[in-house]
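Okay, so here's the structure we're looking at.
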Amino acid sequence: MAKITIDGKEVVVEEGKTILDAARQHGIRIPTLCSHPAVSSWGGCRMCVVEVDGSPRLAAACVMPVRDGMKVVTTNENIITARRVVLEFLFAERNHYCMFCGASGDCELQALAYEYQMDHLTVTQSFDKFPVDVTNEYMAIDHNRCVLCGRCIRACHEISGAHVLGYQNRGTHNLVGFDLDDIRGESTCMGCGICMQLCPTGAILNRYRTHHAVLGHDKTKWKVIDSFCPQCGLLCPTVTSVENDYIIKIEGKTEAQPGRPDRGQLCQKGRFEPLKSAGKRLLKPMVRDTNGGWKEVSWKTAMDLVAGRMNTYKDGGTFGLASARCSNEELLLFRDLMVKGWHANYVDTLHGPAYTSLTSAWADLKKVVLGLQEASWKQIAEADKVILVGANPGESQFLISGLIRRGILERGVQVTVIGPVDVTAPWTTHYLPVAKGKEPLVVKALLAEIMSSPHKPVHLKTWDKIAAEIGKVNVTELLKQAGLDDEGREAFRWAARWYMEAKNPMIVVGNNVTSLPDATGLRQTMYLALLRDVVQQNTLRLVVLKPNGNSAAALKMRLATEKSSVEKAATWKRGLVLLAGDDLATSPFLNHLGGLEFLAVISPYFPEELADKAHVLIPKPIWLEEEGTYTSLDGQEIRYKKAVVSRPRGVDESWQTLLALMQRSEFHPTYARWRDLNAKAEEELRPGA
Ligand code: SF4
Ligand code: SF4
Ligand code: SF4
């Protein structure tokens, strides 16, 4: 530890910390611009200059390490003059006319100018016209507002692991560039937006942001709400700024979160999409008249109509579909309404076919070993070898792809990709390119290869059962069937060997395998994970990517069944009640819902896709407008999310709508308050239940 004095106050800090760390730890403010606690420091802007041991040569506090006995002064006339000079040159070198900037009122550069009372420039402005890049739907980059602090570049390297950004050109032409001088829209940028979050000026702008800051210039009116994104099961922590019930921006939480390996990164779904509307809002109940037109009706009329029709079908022919983006409470009520209230023949989630083999594969595995569960996605951050089997986390659980990329670059993690797309190119160690659905052939070949090698895990008690299932296999023939050429077969052999030699391998399996109607491929992927010791307490070295935020809860509630199929659903032609989220348009069921006698849709948006098939529409809030609990991807965590903005006037909370329908069905649970319902959902879903 080092004992130092800052502005006359004696403080003790760890050796190796910087002066800025020491000051922050002890609540002493030093102004900064290029420094941000979420990324490394580089001492570029010199706003944080301080006096050390009385020397007239000022030091950058963000990079200067502490030394025992050091005496630091953070403010005096000399320091203030130096900081003002820094600021004046920054303002003179680019176009910083704040009144035309979307970040005005929420800009660190502007705030510093106010703080240092910089109301005019004493140096001549000397900026050129720089380009504005609007080639990305969500973000614009206006190089005229850039102070070249490099925070975006470090965020892209250190948080996102994408390494897209860098400096290009020299001197006064210096710019932040994408890849090798590309525009953002043609670069390898993945649009996560962490560069934008860390940008201290208006240089990187959210194109969907509500510009209240410009109107009011008053951030103090904002409500800042700690929440999380429930859309893919990773439950990323968010900080949402709201004014007058409008969301201004959603940011990731860059402070360290206990047990979470991500560093504040969000994806487009979490950061940008809630700011735009997923369609025309449905604000009143509606029924379709005999001419095919839609007319508004009262809540009572709509509810009576739905219940009246569904009650007549109790002898069969009905089914229910729910979005697995709904909360635990909504899913529980919907299942009970359909199964106990209306005796539905079939219930499923809108994307059930994407994980149709999951339930049966786990049931099969239990016959070999009891009590195993899947690993948490967070454990990928500790793996030294990752095998992706038919999985593209960049599409479903974006943050996992960031974790893997960072693992490759920071810790030399080796990655094997089995599937049609090389998801970590160009950093994949072994790429086994096989068509969608052929991944199980490679998995079986891996099992057989390992069984016949010196790496065979002789200790495994269940080995005989697995060996009996695999039987005698011609590995070369299997790989040929999978479509691997000589290069692919060579990569396969290395992958098999390295998997068994790895200290802490992890398998990530995705949609291409879980959606196969036959569970064999998924079961054998589980066996492959079983060949290595478990991660901890009966946790298999396997992470299963699921299509939606609350798919794990839907599976546990048996809302997503092992026999999920669009053809099966289409056999029930009488009544369907559909509980939608904002993912209706991508449901594989959509094209199979023709010819129904009756279709009721409960949805936050007017369901354009079903406008000519549905009979009754009932509105519900979007997930940002109501409270609820959500289950993590691995089913091991349940988190409560409060409402971030108000629901539209006249739109009831979903749980009350579902409860009102239940009162009109055969099943009448008594949940007086949301809390009672929540307790019931927790009882069913808590880990180990
Ligand atoms: S959006 Fe993400 S990937 Fe793209 S440049 Fe910014 S930090 Fe890098
Ligand atoms: S774009 Fe923003 S974060 Fe990046 S260098 Fe410029 S001012 Fe700094
Ligand atoms: S990775 Fe998942 S939880 Fe995180 S922001 Fe994206 S959709 Fe939301």
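The values are calculated or read from the model by the stated rules, or taken from the named source; none is laboratory data. Computed from a predicted model, the values in this text were never measured in an experiment. Here the Cβ is made from the backbone with ideal geometry for all residues, glycine too, and neighbour counts use every protein chain on show. These area figures cover heavy atoms from the full protein model, side chains too; ligands, DNA and RNA do not enter into them. Shrake-Rupley method; radii C 1.70, N 1.55, O 1.52, S 1.80 Å.
Residue by residue through the range 159-190, note down the ones that are closer than 20 Å to residue 397 by Cβ and surrounded by fewer than 18 Cβ atoms within 10 Å (Cβ to Cβ).
188
List every residue pair whose Cβ atoms lie under 7 Å apart, where the two residues are 6 or more positions apart in sequence or sit on different chains, the first residue falls within the range 552-573 and is under 22 Å from residue 230 (Cα atoms) and of a type in the set (Lys, Arg), and the second residue, located anywhere, is in a loop (DSSP other than H, G, I, E, B) and open to solvent by less than 30 Å² (accessible area, probe 1.4 Å).
As it stands, the answer is 556/635, since those pairs meet every condition given.
Quick check on my filter: what residues within the range 633-689 are part of a loop (DSSP other than H, G, I, E, B), within 27 Å of residue 358 (Cα to Cα) and open to solvent by 40 Å² or more (accessible area, probe 1.4 Å)?
Selection gives 636, 637, 686, 687, 688, 689.
Please go through (1) closer than 16 Å to residue 493 by Cβ; (2) outside any loop (DSSP other than H, G, I, E, B); (3) over 25 Å from the mean Cα position of the chain (by Cα); (4) of a type in the set (A, V, I, L, M, F, W, C) for residue 417 and return the number of the only condition it doesn't satisfy.
Of (1) closer than 16 Å to residue 493 by Cβ; (2) outside any loop (DSSP other than H, G, I, E, B); (3) over 25 Å from the mean Cα position of the chain (by Cα); (4) of a type in the set (A, V, I, L, M, F, W, C), only one is false for residue 417: (3).
Would you mind telling me which numbered condition in (1) buried (at least 22 other Cβ atoms within 10 Å of the Cβ); (2) outside any strand (DSSP E or B) residue 284 fails?
(1)
If a residue has to be open to solvent by 10 Å² or more (accessible area, probe 1.4 Å) and either among the small types (Gly, Ala, Ser) or under 21 Å from residue 631 (Cα atoms) (or both) to count, how many in the range 219-230 make the cut?
Residues that pass the stated criteria total 4.
Return the pairs, sorted by first residue and then second, in which the second residue is open to solvent by 30 Å² or more (accessible area, probe 1.4 Å) and not aromatic (Phe, Trp, Tyr), the first residue lies in the range 641-659 and is free of Cβ contacts under 8 Å to residues at least 12 places away in the same chain and over 27 Å from residue 338 (Cα atoms), the beta carbons are less than 9 Å apart, and the residues are 6+ apart or on different chains.
649/283
Taking residue 531 as meeting all but one of (1) within 22 Å of residue 348 (Cα to Cα); (2) open to solvent by less than 10 Å² (accessible area, probe 1.4 Å); (3) modelled with pLDDT under 90, write down the number of the exception.
(1)
Could you check how many residues of the range 21-44 are open to solvent by less than 20 Å² (accessible area, probe 1.4 Å) and modelled with pLDDT of 95 or more?
Number satisfying all stated conditions: 8.
From the list 321, 266, 331, 235, exactly one residue is in contact (Cβ under 8 Å) with a residue 40 or more places away in the chain, part of a strand (DSSP E or B) and either on the phi > 0 side of the Ramachandran plot or open to solvent by less than 60 Å² (accessible area, probe 1.4 Å) (or both). Which is it?
321
I want to confirm something. Restricting to the range 144-161 and keeping residues that are within 16 Å of ligand 3 (Cβ to nearest atom) and out of contact with any strand residue (DSSP E or B) (no Cβ under 9 Å at 6 or more places or on another chain), which single residue is nearest to residue 134 (Cα to Cα)?
160
Please identify the pairs in which a residue from the range 509-520 that is open to solvent by 10 Å² or more (accessible area, probe 1.4 Å) has its Cβ atom under 8 Å from the Cβ atom of a residue that is of a type in the set (Lys, Arg) and part of a loop (DSSP other than H, G, I, E, B), counting only partners at least 6 apart or on another chain.
Filtered contacts from the range 509-520: 512/436.
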